[in-house]
Amino acid sequence: MNVLLALLLAASTPTAPAPRTFRVDYFHTGNATEERFSLERLAVEPLPWPGHPDRAIDETNLGKYLFEVRDRETNRLLYSRGFASIYGEWETTPEAREVNRTFHESLRFPSPEKPVQVLLKKRAKDNSFREVWSLTVDPKDMFVDPSTPGAPGPLLKLLENGPPADKVDFLILGDGYTEQERAKFEKDARRLVDILFTFSPFKERKADFNVWGLMPVSQQSGISRPSTGIHRYTPVGSTYDAFGSERYVLTFENRRFRDVAAFAPYEFVEILVNGNTYGGGGIFGLYGTVAADSLWSPYVFVHEFGHHFAGLADEYYTSESAYAPAEEHVEPWEKNVTALKDPAQLKWKDLVAPGTPLPTPWKKEEYEAHARKVQEQRRRIRAERRPESEMDALFTAQRDWEEKFLGKQPHAGKVGAFEGAMYEARGYYRPQLDCVMFTRDRVPFCGVCQRALDEVIDLYSGKGAKPAKPAP
């Protein structure tokens with residue numbers, strides 16, 4: 001009788017179903033000095049919201065932008081997330097000083113039961129957020145679109161550790177794969193996922209992740225590479241040469257990307273493009289990209305995921321960049337770089353061993369002289385359209401030299417403040433001499449980066465990370 005009563009009580013108090021995923025699609029228009037926003041549509045995605053209701057508020061203080069969802073009647077904060085965007089990167093390029101451009105973007109959150117106010121905020125130079133756009137969303141509006149786009153294919157369970165609400169949900173999304181290459185996509189995806197979980201802190205927290213796979217069918221193999229005259233229409237719209245950088249892979253087709261991804265429970269996405277030319281990209285809270293068949297795909301996959309997952313900044317500064325030099329060195333919001341205005345207030349000071357000088361000396365000029373020679377050879381290989389194997393050989397030789405050179409520095413392996421980061425030789429500093437975010441060397445994420453990654457895992461999985469230990 002007791003067992004029967006328990007079953008009846010359980011049946012009479014069912015768990016409330018998860019809300020659907022609501023999406024605000026909008027246009028982001030402007031230039032280097034002004035920007036505007038306009039609503040395109042309101043939509044409800046096919047799957048339930050994958051996040052946990054108790055972890056709706058983002059307190060990581062990451063992102064160039066932040067959006068909030070507030071109850072219209074009480075102004076109570078219901079949901080928030082920091083993020084970055086393609087527009088946010090583009091506005092720092094020289095082109096943005098000359099022309100206007102428009103980018104399509106989306107905000108996703110749990111479907112509300114009644115009207116809400118959606119507020120979009122942008123980070124100011126003092127690192128505070130200021131409102132730049134606001135709109136009222138009524139979930140019962142007749143123009144909210146609940147229709148389901150065409151399914152992109154079967155959902156692969158690459159790693160499943162529990163209900164989406166209790167895990168970090170990571171989607172591997174293929175682009176440029178034909179139907180005949182479906183098995184190749186799955187093999188590529190599984191290989192790179194396995195590599196990700198060899199890096200700390202992902203290795204230790206693998207049980208906090210679900211990883212899914214989707215591969216919409218392309219009519220042709222490969223993606224666009226305009227610098228070589230190659231153009232492909234692919235389901236996700238991925239292309240090399242973003243912002244004129246031959247190695248930068250992005251999709252500017254946000255609505256297509258979102259409609260495909262909507263068939264998986266996801267919070268993070270890596271677009272796996274079918275090709276062997278070195279390249280990739282990563283934008284915090286949007287997606288990462290990687291060319292699956294490049295010799296360097298393991299490195300690029302992990303490096304770009306660092307951008308996308310935790311907003312980690314590029315720590316390198318000797319490679320060519322599409323961005324204009326900073327007019328002033330304000331303190332970055334990214335947690336692995338600093339302008340070091342006040343060494344006593346260094347944001348990772350608790351990880352610096354006593355006696356470590358700030359800034360921390362290293363043989364910077366010698367490193368830069370070698371890097372200039374590599375960049376000259378790199379430009380020549382691309383300009384002459386030589387085989388990818390020559391680029392691979394160049395990068396291998398560069399890696400071998402840098403591993404040896406950096407490993408011999410007096411402060412190698414220690415946390416400090418090493419000048420040279422965020423594409424700038426002067427004025428920005430990184431935490432350690434070498435890191436996944438600095439070189440293609442066979443090194444881990446530095447301690448500061450690992451702590452930032454752990455914090456994001458906590459936000460989505462709800463499990464506290466162990467506190468970082470001070471350097472010895």
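Quick notes on this one:
- Sorted largest first, extent of the range 20-137 alpha carbons per principal axis (Å): 44, 30, 25
- Net length gained if the chain between residue 380 and residue 217 were fully extended (0.36 nm per residue, minus Cα distance): 55.2 nm
- Relative packing of peptides 233-245, 46-58 - highest average C-beta neighbours within 10 Å first: 233-245, 46-58
- For the chain, the cysteines with no partner cysteine C-beta closer than 4.7 Å are 449.
- Computed from the C-alpha gyration tensor, the three semi-axes of the ellipsoid equivalent to the range 27-83 are 24, 17, 14 Å, from longest to shortest.
- 0 to 90° range, to nearest 10: angle between helix 2-12 axis and the chain longest Cα axis: 80
- The calculated FRET efficiency for residue 356 paired with residue 140, based on their beta-carbon distance and R0 = 56 Å, is about 0.45.
- Reciprocal mean inverse distance between Cα atoms of the chain - Kirkwood radius, Å: 23.5
- Computed E for residue 99/residue 425 - FRET, C-beta separation, R0 30 angstrom, nearest 0.05: 0.55
- Kirkwood Rh, angstrom, the range 156-310 [1 / mean 1/r, Cα pairs]: 15.2
- On the basis of the beta-carbon distance and an R0 of 25 Å, residue 365 and residue 442 show a calculated FRET efficiency of 0.50.
- Backbone geometry of the range 328-343 corresponds, through the Karplus equation with coefficients 6.51, -1.76 and 1.60 at θ = phi - 60°, to 3J(HN,Hα) couplings of 8, 8, 7, 5, x, 6, 4, 7, 10, 9, 8, 8, 6, 5, 9, x Hz, x marking Gly and Pro.
- Once the Cα-Cα distance is subtracted from the 0.36 nm per residue extended length, the residue 117 to residue 132 segment shows a gain of 4.1 nm.
- A Cβ-based charge dipole, computed about the Cα centre of the range 156-310 with Lys and Arg at +1 and Asp and Glu at -1, lands at about 120 debye.
- Charge dipole of the chain (Cα centre as origin; +1 on each Lys and Arg Cβ, -1 on each Asp and Glu Cβ, all else neutral): 560 debye, rounded to the nearest 20.
- Simple spin-label estimate for residue 204 and residue 400 gives 3.4 nm between the two label positions (7 Å along the Cα-to-Cβ direction from each Cα).
- In a fully extended conformation the segment linking residue 56 and residue 38 would gain 4.0 nm over its present Cα-Cα distance, using 0.36 nm per residue.
- Computed log10 I(q)/I(0) for the range 343-457 at 0.11, 0.12, 0.13, 0.23 Å⁻¹: -0.42, -0.50, -0.58, -1.36, from the Debye equation with unit scatterers placed on every C-alpha and solvent omitted.
- Spin-label model, residue 180 to residue 349: label points 7 Å out along the Cα-to-beta-carbon direction sit 6.3 nm apart.
- Taking every DSSP helix (H) stretch of at least 4 residues in the chain, weighting each as -39,500 (n - 2.57) and dividing the sum by the residue count yields a mean residue ellipticity at 222 nm of -7500 deg cm²/dmol.
Computed from the coordinates by the stated procedures, all read-outs in this text should not be read as laboratory data. All figures in this text were calculated on a predicted structure; none of them were measured in a lab. Every residue, glycine among them, receives a Cβ derived from its backbone with ideal geometry; neighbour counts consider all protein chains shown.
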